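Q: Handing you this structure, nothing more for now.
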There are 4 protein chains.
Amino acid sequence: MKPTRSTLKIGELATGQDLELPIFQFTPAVMRGPSVYIQANVHGAEVQGNAVIYQLMQQLENCELLGSVTLVPLANPLGINQKSGEFTLGRFDPITGVNWNREYLNHHIDVAAWYRQHAELDDNALVAAYRAMLLDSCQQRLQHEWGVTTGHRQAVTLQHLGHQADIVLDLHTGPKACKHLYCPEYDSEAARLFSIAHTLFMPNEFGGAMDESIFYPWWQLCQYLAAQGRELALPVSAFTLELGSQEHIDLADARLDADGIMAYLSHRGVVADPILPAKMARYGCYLRDYKKYHSPMGGMVEYTAKLGEPLAAGSPLATILRVDQYGCGSTLTPLCLSQACVPILHFASASVYQGTELYKVMTHVFEL
Amino acid sequence: MKPTRSTLKIGELATGQDLELPIFQFTPAVMRGPSVYIQANVHGAEVQGNAVIYQLMQQLENCELLGSVTLVPLANPLGINQKSGEFTLGRFDPITGVNWNREYLNHHIDVAAWYRQHAELDDNALVAAYRAMLLDSCQQRLQHEWGVTTGHRQAVTLQHLGHQADIVLDLHTGPKACKHLYCPEYDSEAARLFSIAHTLFMPNEFGGAMDESIFYPWWQLCQYLAAQGRELALPVSAFTLELGSQEHIDLADARLDADGIMAYLSHRGVVADPILPAKMARYGCYLRDYKKYHSPMGGMVEYTAKLGEPLAAGSPLATILRVDQYGCGSTLTPLCLSQACVPILHFASASVYQGTELYKVMTHVFEL
Amino acid sequence: MKPTRSTLKIGELATGQDLELPIFQFTPAVMRGPSVYIQANVHGAEVQGNAVIYQLMQQLENCELLGSVTLVPLANPLGINQKSGEFTLGRFDPITGVNWNREYLNHHIDVAAWYRQHAELDDNALVAAYRAMLLDSCQQRLQHEWGVTTGHRQAVTLQHLGHQADIVLDLHTGPKACKHLYCPEYDSEAARLFSIAHTLFMPNEFGGAMDESIFYPWWQLCQYLAAQGRELALPVSAFTLELGSQEHIDLADARLDADGIMAYLSHRGVVADPILPAKMARYGCYLRDYKKYHSPMGGMVEYTAKLGEPLAAGSPLATILRVDQYGCGSTLTPLCLSQACVPILHFASASVYQGTELYKVMTHVFEL
Amino acid sequence: MKPTRSTLKIGELATGQDLELPIFQFTPAVMRGPSVYIQANVHGAEVQGNAVIYQLMQQLENCELLGSVTLVPLANPLGINQKSGEFTLGRFDPITGVNWNREYLNHHIDVAAWYRQHAELDDNALVAAYRAMLLDSCQQRLQHEWGVTTGHRQAVTLQHLGHQADIVLDLHTGPKACKHLYCPEYDSEAARLFSIAHTLFMPNEFGGAMDESIFYPWWQLCQYLAAQGRELALPVSAFTLELGSQEHIDLADARLDADGIMAYLSHRGVVADPILPAKMARYGCYLRDYKKYHSPMGGMVEYTAKLGEPLAAGSPLATILRVDQYGCGSTLTPLCLSQACVPILHFASASVYQGTELYKVMTHVFEL
């Protein structure tokens, strides 16, 4: 089956040109499984997700589809086309500095009040009504009488697409990173279903990112219902997949990541074909134990710790070279942590200010 | 009296060079009045505060000083020296995008717990102990075992200077703006004491900016004490002064702003010389009524509304030119609001994306 | 008469989106006058030319047209949409740093060899053949087997449009500037025909800019023919108009500039309506006497010299504020020149490095 | 022997802070060999040269020195500290866009006139007088009455250091690159003396870069003398070493590069210790055969050709992914050249505009 292709306007440039998203949709003749929404490249330099979507579409064309799959590559045209020297300055809005992945709408729902008006609905109707409310809330936001920012318009437009699905995957990468998964704590079983070795278990809260914007309103609803003695399985799953390093396209590796996603979709009944996740040791930690290490000094950096591999307490993470201090100070300074960790990503540049975020490391790591 | 000059390290560049602040201090032989801290140019393009500090120092040299005055111009050397084309890209950290004026420390004080341990102190001792706790909290923050970001180091170092004073003034400018004052609601009387026509009354809360980081812990303390039946006058004042437009130095206008600040310092007993604020009509609104208007479309902008002057509902704020639409669409689009306002500032560039923050306007304006 | 509107692709973004130019064309039923090409906004922040094209189109609709007029506003979509903070980083390619207005093709014509093959043609046929050769040369350049740079593709595409016309106007602005005209020396009479008070007479050479790329091949041809004893009036005119300051749209002022251009077009017989240039004193200097003054020191700048007005030798151009030197060095440094000049433009930012180009001034100014 | 350390001011920032270079000097008790000048990191992101200077200094401390060696790491403090997102925007002046390595002084010497006044000197005195003239010319340039640009001041200050030496090495890197050497044609034998496999033989001309600014005046002199029948061996050598990729510090690899440089210095008699260059196959081409390949389209890029390895005509250099074209166009486009080449470097980002310089490749490669 071939996908249909459409476009969606998400903004306008200063020249008047529209900013548009390409949207690909696979729709089964009969819907027997959950619907899926997958986007990539919300951060402009994190391009590998586009290659994964390419590989996914090739596989989806050749499988038995039970649910629908909507794919949005190149989801941030302004960020993707924003060059600064030889790199893509696509992490934040160039005017405001706001991270493109912190612009999603916090619905601020008064769940108790909403439920008072919908308590009589059965589960299916309740879910449908809640979803409609979320979609309507996004659309009203976009009509705000004082306007909305460029980044908020883009984010809420994407979120409006995401709210229509049961499964939402947001494809990112780190700067220089090994693959890792952001998984909400309530859905921790899912961490075994992807083909990604390292997982961060994040609180069931809203912090501004796409995945949280999707699952958090449903988490609130289910929590409230549980307190009222009504059980509702959380009907939505949302994850952020970090697929290695930015500014890098690798079609063969993208095929592996597509396989991993297909395994999850198979488990969830989106495709009928039985596909198993890769066998691998899997590790995780809680987000509160995912630590940012900031450079204690300015200088040139040799990154020595291997990403994705355990590092003993006291072993060097990196070495700072301060050649200006040669003969009169510390020319080489090894940087060590006092506790064991697994380095997951490091800064993209080899020169840093004092305070630059050098590494992000998992601590208190456990095997899944 | 001449000021003493010292420097303070606030960071290190990639080349190893120190980032340093110049600090000027006027100290009376006998302290009989409050201590003052004034900083300027935390946003790199907002340079006029340096000229105001220059004019202030000239006046302080020739007056009878009762309290001490500490002045830190050029407070953000990294931001000030960050050029991008012909402009100063100094509003946010070039690596992270974080606004340099949202990096201050939220102390997250458990006031009840703290007070239980200090309830027996008299007012003076209580204030001294609380201040010591704030200073210590800043210093501990700077020693954090995982390091702190470049911007947080700079901000908390400035905050540590600010916590030592009774009066804190943070000198900023808008992009293209008329002069205006940020004044906390609890201190609203102060709005008449400066020589600034427009005032925004902000909630007594912490939002990340310097002024809030200074007054909010004291507001918390005084509120708690009041609830316990103990009256303590809030011993600290903090304001942000927006002194016109960025990328502009005007020494004569800086003299007027210095006069206005001297009037406030005179009223507060920092200088013995009686200096009155300029006579002018003064207007204000609450921060919740200070609205950001985002461009509903991309295009070229003619800014027509005069800053600082009332604009009737339905009158044009600006006109969008879309010459690409000539003959086939709306070439000129006037932008109007449905309510009366006073435009305070507008965007610095004459071309905008859809969603660019075009104007900030006061609504529900009242005379002071 | 209404213009026709078309678009022309000049590049592709990383997202795959086309970069396109809007093209407006006024074509008389019978061509009785010269053809005109006018472009604007090749530097991204220099937006006022778009407003001038808007006003021109309104006037062209209501006049008797003898020649054709082609107008390309928004001629550099990549540069116009390139924001960096609150300003448009549109002066150079963000990847390479190359000035968008130095990317035009130098034809490097061997005029002698070309003429040997075309000497038998009469003047009209000679001009047509030479023009065809220039157009073909541009098109071949765009087909280069190793590809061409983004900026060169854009520039040569514009140049290909320009070579088709008899009169080419490139609408720019300075950073902060008074209006001025770049006029080739051979065409110096034209400086009286626009409504612009200051003119720079540039050598009849190729330096990389649009105007030079248009007139220089013809200057070469006519020079060569003259050396062979054949007189040919130079059949092409090309000018750069600097219409004030960047990042500024003023529709009323654009009307004045459109009037000035209409006066030139009237004089040249493009429109039948008699329109006279504004009466004004006009001044000029040779490009070799147009001097760049670089800041002798770093610091904050108060720009004091008025643009477009004579400044006596020794009078201050600007003042550098170095508040960090207060009490221990030169806090205020006036910057003066040892010769009389007319300041034409100054840097856009109020803070500079040592060596920043602070002012461009005319020296050895003469009245036209 | 330990080096002495000094600093040299090359500019001033907007905050007033000096821009300074660290200078390390090894000076033998008796000068019996040539003097050497080595600089690194003139492009801000090309940091590896600093590590090479570190390794060189360690070796120089432990060898028998016959000539002097001056080392300037971190030679462009403004560029090195210029971050834009997670990368160093250090290739060009952020204000003007001018490449930091194209700012050196072209002396424009009238050699005939100069020689008429110095013809009576013997070779040693002639060389000394010519060198003195070059040094004086740099210093006069820095005193220019209209000032000089920020980049020109830095470059000419470095050039003034370079002119004092007999051997000048400028340490750079490519974006993503294999190691290669820029060697002037007159000095082609030197290409065997370094430990670098690929060499570009450049014309004996001035193109704006450091190496050319050093050797070209001497090439002019020697050519002129030869035409007068006087033989003078060119007394100066200058090379640019491209040490791999930017934004990368590798201390072990830097040791290899330091070894290679020591081999050259040994051959030239700067150090008494006999050190041989690494044995390796060496290849070269002329600069006119070093081709830039520009992307024929916008899109995402998978770089597939291995750097430093021969690529047959018609083999794919890279693949462009255009996922937006999935199902409706060419999703994958292999990019091939019609001739054999050795790819030397490619663009740093994985997404490109049409026209982005994708690869630089050697053609017509020969073995040395």
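The values are calculated or read from the model by the stated rules, or taken from the named source; none is laboratory data. Everything numeric here is computed off the predicted structure, so don't read it as measured data. Reconstructed Cβ throughout: ideal geometry from the backbone, glycine too, with neighbour counts over all protein chains shown. Just the protein is used for accessible areas: all its heavy atoms, side chains included, with ligands, DNA and RNA removed. Shrake-Rupley method; radii C 1.70, N 1.55, O 1.52, S 1.80 Å.
Q: Got a sec? Which of D:Ala112, D:Ala51 is farther than 30 Å from A:Tyr353 by Cβ and small (Gly, Ala, Ser)?
A: D:Ala112 is the lone residue from the list that is farther than 30 Å from A:Tyr353 by Cβ and small (Gly, Ala, Ser).
Q: Additional query: Take the residues in the range C:264-287 that are touching a Phe, Trp or Tyr at 6+ places or on another chain (Cβ under 7 Å) and in a helix (DSSP H, G or I), then tell me which one is farthest from C:Glu185 (Cα to Cα).
A: Ranking the candidates gives C:Tyr264 first.
Q: Hey, another quick one. Could you tell me which numbered condition B:His346 fails, if it satisfies all but one of (1) within 26 Å of C:Gln48 (Cα to Cα); (2) open to solvent by 20 Å² or more (accessible area, probe 1.4 Å); (3) within 13 Å of chain A (Cβ to nearest Cβ)?
A: (3)
Q: For the range B:205-218: of the residues being touching an Asp or Glu at 6+ places or on another chain (Cβ under 8 Å) and either of a type in the set (Lys, Arg) or under 14 Å from B:Tyr186 (Cα atoms) (or both), which is most open to solvent (accessible area, probe 1.4 Å)?
A: Among those that are touching an Asp or Glu at 6+ places or on another chain (Cβ under 8 Å) and either of a type in the set (Lys, Arg) or under 14 Å from B:Tyr186 (Cα atoms) (or both), it is B:Glu205.
Q: Here's a follow-up. In the set C:Ala45, C:Ala75, which member is open to solvent by less than 20 Å² (accessible area, probe 1.4 Å), more than 22 Å from C:Leu142 (Cα to Cα) and not hydroxyl-bearing (Ser, Thr, Tyr)?
A: Of the residues listed, the single one that is open to solvent by less than 20 Å² (accessible area, probe 1.4 Å), more than 22 Å from C:Leu142 (Cα to Cα) and not hydroxyl-bearing (Ser, Thr, Tyr) is C:Ala45.
Q: Moving on. For the structure I just gave you, tell me whether D:Gly44 is closer than 20 Å to D:Asn101 by Cβ and part of a loop (DSSP other than H, G, I, E, B).
A: yes
Q: Check D:Gly33, D:Gly67 and return the single one that is more than 14 Å from chain C (Cβ to nearest Cβ), modelled with pLDDT of 95 or more, open to solvent by 10 Å² or more (accessible area, probe 1.4 Å) and in a loop (DSSP other than H, G, I, E, B).
A: One residue alone meets the criteria, D:Gly33.
Q: Another question, if that's okay. In the set A:Tyr182, A:Tyr186, which member is out of contact with any strand residue (DSSP E or B) (no Cβ under 8 Å at 6 or more places or on another chain) and surrounded by fewer than 24 Cβ atoms within 10 Å (Cβ to Cβ)?
A: So the residue among A:Tyr182, A:Tyr186 that is out of contact with any strand residue (DSSP E or B) (no Cβ under 8 Å at 6 or more places or on another chain) and surrounded by fewer than 24 Cβ atoms within 10 Å (Cβ to Cβ) is A:Tyr186.
Q: Taking the criterion of being touching a Gly at 6+ places or on another chain (Cβ under 7 Å) and at pLDDT 95 or above, would at least one residue in the range B:301-319 satisfy it?
A: Scanning the range B:301-319 turns up no residue that is touching a Gly at 6+ places or on another chain (Cβ under 7 Å) and at pLDDT 95 or above.
Q: Taking the range C:291-312 only, how many residues are more than 14 Å from chain D (Cβ to nearest Cβ) and surrounded by fewer than 19 Cβ atoms within 10 Å (Cβ to Cβ)?
A: 6
Q: Six or more apart or on different chains, Cβ atoms under 6 Å: show the pairs whose first residue is in the range D:167-188 and at negative phi and of a type in the set (Phe, Trp, Tyr) and whose second is open to solvent by 20 Å² or more (accessible area, probe 1.4 Å) and part of a helix (DSSP H, G or I).
A: none
Q: Does any residue of the range B:313-322 turn out to be of a type in the set (Val, Ile, Thr), more than 11 Å from chain A (Cβ to nearest Cβ), open to solvent by less than 10 Å² (accessible area, probe 1.4 Å) and within 28 Å of B:Gly284 (Cα to Cα)?
A: For the range B:313-322, residues of a type in the set (Val, Ile, Thr), more than 11 Å from chain A (Cβ to nearest Cβ), open to solvent by less than 10 Å² (accessible area, probe 1.4 Å) and within 28 Å of B:Gly284 (Cα to Cα): absent.
Q: Please work out if B:Leu56 is in a strand (DSSP E or B) and in contact with a strand residue (DSSP E or B) (Cβ under 8 Å, 6 or more places away or on another chain).
A: For B:Leu56, the condition - in a strand (DSSP E or B) and in contact with a strand residue (DSSP E or B) (Cβ under 8 Å, 6 or more places away or on another chain) - is not met.
Q: Here's another thing I want to ask about it. Could you run through the range D:70-87 and say how many residues are within 21 Å of D:Thr15 (Cβ to Cβ) and within 14 Å of chain C (Cβ to nearest Cβ)?
A: The qualifying residues number 8.
Q: Further question: Based on what the data block shows, is B:His364 in contact (Cβ under 8 Å) with a residue 24 or more places away in the chain, under 20 Å from C:Asn81 (Cβ atoms) and open to solvent by 10 Å² or more (accessible area, probe 1.4 Å)?
A: No, not satisfied.
Q: From the list C:Cys336, C:Cys328, C:Cys341, which residue is more than 9 Å from every other protein chain (Cβ to nearest Cβ) and free of Cβ contacts under 8 Å to residues at least 24 places away in the same chain?
A: Answer to the check: C:Cys336.
Q: Out of curiosity, is B:Gly97 within 10 Å of another protein chain (Cβ to nearest Cβ), farther than 16 Å from B:Glu20 by Cα and touching a Leu at 6+ places or on another chain (Cβ under 8 Å)?
A: No; evaluated as a whole, the condition is false for this residue.
Q: Go through the range D:272-290 residue by residue and tally those that are within 14 Å of another protein chain (Cβ to nearest Cβ) and either open to solvent by less than 50 Å² (accessible area, probe 1.4 Å) or touching a Cys at 6+ places or on another chain (Cβ under 7 Å) (or both).
A: Residues flagged as within 14 Å of another protein chain (Cβ to nearest Cβ) and either open to solvent by less than 50 Å² (accessible area, probe 1.4 Å) or touching a Cys at 6+ places or on another chain (Cβ under 7 Å) (or both) within the range D:272-290 amount to 2.
Q: I need the full set of residues from the range C:78-127 which are open to solvent by less than 40 Å² (accessible area, probe 1.4 Å), in a loop (DSSP other than H, G, I, E, B) and in contact (Cβ under 8 Å) with a residue 60 or more places away in the chain, in order please.
A: Of everything in the range C:78-127, those that are open to solvent by less than 40 Å² (accessible area, probe 1.4 Å), in a loop (DSSP other than H, G, I, E, B) and in contact (Cβ under 8 Å) with a residue 60 or more places away in the chain turn out to be C:Glu103, C:Tyr104, C:Leu105, C:His107, C:Ile109.
Q: If you scan the range B:246-271, which residues turn out to be open to solvent by 30 Å² or more (accessible area, probe 1.4 Å) and within 14 Å of chain C (Cβ to nearest Cβ)?
A: Answer for the range B:246-271, where residues must be open to solvent by 30 Å² or more (accessible area, probe 1.4 Å) and within 14 Å of chain C (Cβ to nearest Cβ): B:His248, B:Asp250, B:Ala252, B:Asp253, B:Arg255.
Q: Given A:His152, A:His163, A:His144, which one is more than 14 Å from every other protein chain (Cβ to nearest Cβ) and either open to solvent by 20 Å² or more (accessible area, probe 1.4 Å) or free of Cβ contacts under 8 Å to residues at least 60 places away in the same chain (or both)?
A: A:His163
Q: Here is a list: B:Ala165, B:Ala190. Which entry is in contact with a Pro (Cβ under 8 Å, 6 or more places away or on another chain), closer than 21 Å to B:Pro235 by Cβ and small (Gly, Ala, Ser)?
A: Every option except B:Ala165 fails the conditions.
Q: Here are some residues: A:Ser188, A:Ser195. Which one is closer than 20 Å to A:Ser266 by Cα and in a helix (DSSP H, G or I)?
A: When all the criteria are applied, what remains is A:Ser188.
Q: Take the residues in the range D:4-30 that are open to solvent by less than 20 Å² (accessible area, probe 1.4 Å) and away from chain C (no Cβ under 14 Å); name whichever of them is farthest from D:Ile53 (Cα to Cα).
A: For the range D:4-30, the residue satisfying everything is D:Pro28.
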